[in-house]
Amino acid sequence: MNYLALVVAFVASILLTPIVKRLAYRIGAVDKPNYRKVHNHVMPRLGGLAIFIAFLMGIVIAQPMDDSMIAILIGSFVIVVTGILDDMFEITPKAKLIGQTIAAAIVIFFGGVQIDFINLPFGGKLFFGYLSIPLTLIWIVGITNAINLIDGLDGLAAGVSTIALITLATMAFIMSNVFVLVMALILAASTCGFLFYNFHPAKIFMGDTGALFLGFMISVLALLGFKNVAFVSLVIPIVMLGVPISDTFFAIVRRLLNKQPPFSPDKSHLHHRLMSIGFTHRQTVLLIYGIATMFGLAAIIFSMAKLWGAILLIAVILIAIELFVEAIGLAGQNYRPLLNLVRKK
């Protein structure tokens with residue numbers, strides 16, 4: 001492991017972020033307050049550009065080798081450009097989706113990043129065939145947007161992404177996947193440097209430039225770390241990204257129950273609900289960090305568990321998530337099937 005690459009990425013992020021902050025004001029990449037935002041004054045976004053450049057500097061030093069490397073870098077460039085355009089001009093959701101799809105297609109078709117088959121728990125293999133490409137595309141675009149959706153409080157998306165990356169690096173170390181280990185740690189170092197300016201009270205936001213880039217990279221590295229693996233192990237990246245995935249899932253459930261478009265914006269995400277029941281801004285972020293860390297530890301334990309132990313762990317996690325979601329009203333105030341069932345008994 002090239003520790004110099006980690007130091008360079010970390011320090012570069014710290015030094016570049018103030019420069020990007022000035023650039024954001026100059027080009028109009030700012031976030032104005034509205035009813036959905038928790039800040040009450042104009043804030044610079046575009047901070048993800050500092051993370052991206054710092055990451056590239058670390059990569060130049062470490063030079064991790066993989067057949068998909070060039071495609072990943074080109075795809076990440078496309079996703080960063082998409083984010084910059086949105087931070088500057090607030091492009092339409094359709095335009096953002098096109099950018100994400102192009103980036104995903106690059107790593108799929110030119111980088112060979114896709115799941116062709118999985119080993120079933122009781123013997124045999126399940127080949128995805130023609131479904132391999134669309135399933136991989138949905139995974140990359142889905143996780144990219146999931147990270148973007150939780151980017152609603154100072155330091156939230158950056159911190160949760162860092163925890164996911166450290167978990168991913170730990171899993172890669174266990175599986176002796178040097179490429180994913182190096183890439184995840186360099187990106188985590190870049191994000192940690194940015195957190196100096198992004199943790200509450202934030203001086204700059206990462207914007208879509210950062211959220212889309214982090215989501216894209218995490219989704220791709222997770223695929224590289226767990227491709228063609230056992231059926232149960234396929235759940236590992238889902239557990240690891242439990243916070244953004246569950247928040248996105250229940251946001252869609254909430255909107256469908258309220259007869260709203262599934263991707264319409266609202267102010268009922270996990271962080272909104274925690275603040276509405278009395279937690280401060282900083283407490284909410286730290287609490288979600290703790291939840292993300294528990295998901296990360298669960299993913300590591302899950303990877304080492306036997307089949308039935310893993311199935312039991314998943315069942316416990318799902319029940320715990322459901323109870324937590326119902327208790328804080330994440331899917332809506334009237335959505336309480338499990339709690340109502342318990343009360344009836």
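For residue 152, the residues whose modelled amide H falls within less than 5 Å of its own, excluding neighbours fewer than 5 places apart on the same chain, are 157. Taking amide H as placed 1.01 Å from N in the peptide plane, residue 30 has its amide H under 5 Å from the amide H of 45, each at least 5 places away in sequence or on another chain. Neighbour counting of Cβ atoms within 10 Å sorts the residues 3, 197, 130, 335, fewest neighbours leading, into 130, 3, 335, 197. Each of 202, 147, 223 was scored by the projection of its Cα onto the charge dipole of the stretch 3-344, and the greatest displacement toward the positive side belongs to 202; charges sit on the C-beta of Lys, Arg, Asp and Glu. In plain terms, the chain from residue 116 to residue 319 could stretch by 70.0 nm, reckoned as 0.36 nm per residue minus the Cα-Cα distance. Taking the Cα centre of the stretch 3-344 as origin and assigning +1 to Lys and Arg Cβ atoms and -1 to Asp and Glu Cβ atoms, the resulting dipole is close to 840 debye.
Phi angles of the stretch 170-176 translate, via the Karplus equation with coefficients 6.51, -1.76, 1.60 and θ = phi - 60°, into HN-Hα couplings of 4, 5, 5, 5, 4, 8, 6 Hz per residue; Gly and Pro are given as x. Residues whose amide H lies under 5 Å from that of residue 117, counting only those 5 or more places away or on a different chain, are 128, 228; hydrogens are built 1.01 Å from N in the peptide plane. In this simple spin-label model, placing a label point 7 Å from the Cα along the Cα-to-Cβ direction at both residue 174 and residue 2 gives a separation of 2.8 nm.
Only helices enter this figure: runs of n ≥ 4 DSSP H residues, each worth -39500 (n - 2.57), summed and divided by the residues of the chain, yield -23000 deg cm²/dmol at 222 nm to the nearest 500. Charge tally for residue 83 (other residues, Cβ to Cβ under 12 Å; Lys, Arg +1; Asp, Glu -1): -3.
When the listed pairs 32/259; 94/125; 32/94; 32/203 are checked against a 25 Å cut-off, the alpha-carbon distance exceeds it for 32/259; 94/125.
Any read-out appearing in this document is the output of simple, stated calculations on the displayed coordinates, not a laboratory observation. In this text the structure is predicted, and so the values were computed from the model without any measurement. Every residue, glycine as well, gets a Cβ built from its backbone with ideal geometry; the counts of neighbours run over all protein chains shown.
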